[in-house]
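Q: Before anything else, here's the structure in question.
The values are calculated or read from the model by the stated rules, or taken from the named source; none is laboratory data. As the structure is a computational prediction, the values presented were derived from the model and not from experiment. A quick note on method: Cβ atoms are made from the backbone with ideal geometry, for glycine too, and the neighbour counts reach across all protein chains shown. Calculation scope for accessible area: heavy atoms of the full protein, side chains included, ligands and nucleic acids excluded. Shrake-Rupley method; radii C 1.70, N 1.55, O 1.52, S 1.80 Å.
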Amino acid sequence: MLGVIITGHGAFASGLLQALEQVAGRQTLCMAVDFPEGHSTEALGQRLAAACAHCDDGDGVVFLSDMLGGSPFREAANIALAHPGYEVIAGTNLQMAVEMMLDRPQLDTEAFRDQALECGQRGITSLWHQQHRSAPALPTESGI
């Protein structure tokens, strides 16, 4: 099964993992690696590498990062570029994380990556948009 490492600024990763497990249950081969203020990117890279050793059972690892271009994303990208079968996703939200963890056993890293982007985008909406979503139009002519 794919390993998943959640990372981000401050306590984003540990908070997201706690919320994820509240919704979807305890997760195996999954760790949170926070990047608290004042910690070096070198230390972050070392903690991410240690998490990979713990979470990779041979099927690969997906990093779920908080934001594109931030230190957690860049350090995860450095690791992923050196390991075929590793992926890095930015802009992670709880909607995406929960859906992907439920589907994770059936997915390889590429399928996980592509499906995660769809889930994350689908999960970004507003009450107004949900209320005003138009129902699919029914055909006006009888087909039978």
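Q: State, as an integer percentage, the relative contact order of the chain based on alpha-carbon contacts under 8 Å between residues 6 or more apart.
A: Working: 221 pairs, mean separation 35.8, N = 144.
So the answer I get is 25 percent.
Q: Still on this model: Take every DSSP beta bridge whose two residues both sit in the stretch 3-125, then give the antiparallel share in percent to the nearest 5. Write down the numbers at each step before the final one.
A: Numbers: 1 of 16 bridges.
In the stretch 3-125, approximately 5 percent of DSSP beta bridges are antiparallel ones.
Q: With each label point set 7 Å from Cα along the Cα-Cβ vector, what nm distance links Leu102 and Asp114?
A: In this crude label model, Leu102 to Asp114 measures out at 2.1 nm.
Q: What part of the accessible area of the stretch 3-125, given as a whole %, is carbon or sulfur when the probe is 1.4 angstrom?
A: Numbers: 3240 of 6050 Å².
That fraction is 54 percent.
Q: Suppose we flag trypsin sites (Lys or Arg not before Pro) only when DSSP calls them loop and at most 11 other Cβ atoms lie within 10 Å. Which is the longest uninterrupted stretch of the chain? Let's see the in-between values first.
A: On the way: sites that count: Arg26, Arg133.
Within the chain, the longest run free of exposed trypsin sites (Lys or Arg not before Pro) spans 27-132.
Q: Where only protein heavy atoms count, and the probe is 1.4 Å, what is the accessible area per residue for the chain in Å²?
A: Values: 8320 Å² over 144 residues.
About 58 Å² of surface per residue is accessible.
Q: Starting at the first residue of the stretch 90-98, write each ³J(HN,Hα) from the Karplus equation 6.51 cos²θ - 1.76 cosθ + 1.60 with θ = phi - 60°, in whole Hz, x for Gly and Pro.
A: Values per residue, Gly and Pro as x: 10, x, 4, 10, 5, 3, 4, 4, 5 Hz.
Q: Could the peptides 3-10, 125-132 be put in order, highest first, of the mean number of other beta-carbon atoms found within 10 Å of their residues? Please report the intermediate quantities before stating the final value.
A: Working: 3-10: 23.1, 125-132: 8.2.
Per-residue mean Cβ counts within 10 Å order the peptides as 3-10, 125-132.
Q: Counting Lys +1, Arg +1, Asp -1, Glu -1, what net charge surrounds Pro72 among other residues with beta carbon under 9 Å of its beta carbon? List each step's numbers first, then the result.
A: Numbers: positive: Arg74; negative: Asp34, Asp66, Glu75.
Taking every other residue near Pro72 into account, the sum is -2.
Q: Taking K and R as +1 and D and E as -1, what net charge do the other residues with C-beta under 12 Å from the C-beta of His39 add up to?
A: Numbers: positive: Arg47; negative: Asp34, Glu37, Glu42, Glu75.
Computed value for this residue: -3.
Q: Could you list log10 I(q)/I(0) for the stretch 3-125 at q = 0.15, 0.19 Å⁻¹, which the Debye formula gives when each Cα is one point scatterer?
A: -0.59, -0.98
Q: Between Glu42 and Ala11, what length comes free when the chain is fully extended (0.36 nm per residue of separation minus the Cα-Cα distance, one decimal in nm)?
A: Numbers: separation 31, 0.36 × 31 = 11.16 nm, distance 1.77 nm.
This chain segment gains 9.4 nm when fully extended.
Q: At a Förster distance of 30 Å, what's the computed FRET efficiency of Ala50 paired with Leu127, Cβ-Cβ distance as r, to 0.05? Display every interim value, and only then the final one.
A: Working: r = 41 Å, r/R0 = 1.38.
FRET efficiency, Ala50 to Leu127: 0.15.
Q: Are there GluC sites (Glu not before Pro) in the stretch 1-103 that DSSP puts in a loop and that have at most 12 other Cβ atoms within 10 Å, and which ones?
A: On the way: sites: Glu21, Glu37, Glu42, Glu75, Glu87, Glu99; in loops: Glu37.
Filter output for the stretch 1-103: Glu37.
Q: Would you mind computing, in nm to one decimal, how far apart the modelled labels at Arg26 and Leu81 are, each placed 7 Å from Cα along Cα→Cβ?
A: Result: 3.8 nm between the two label points.
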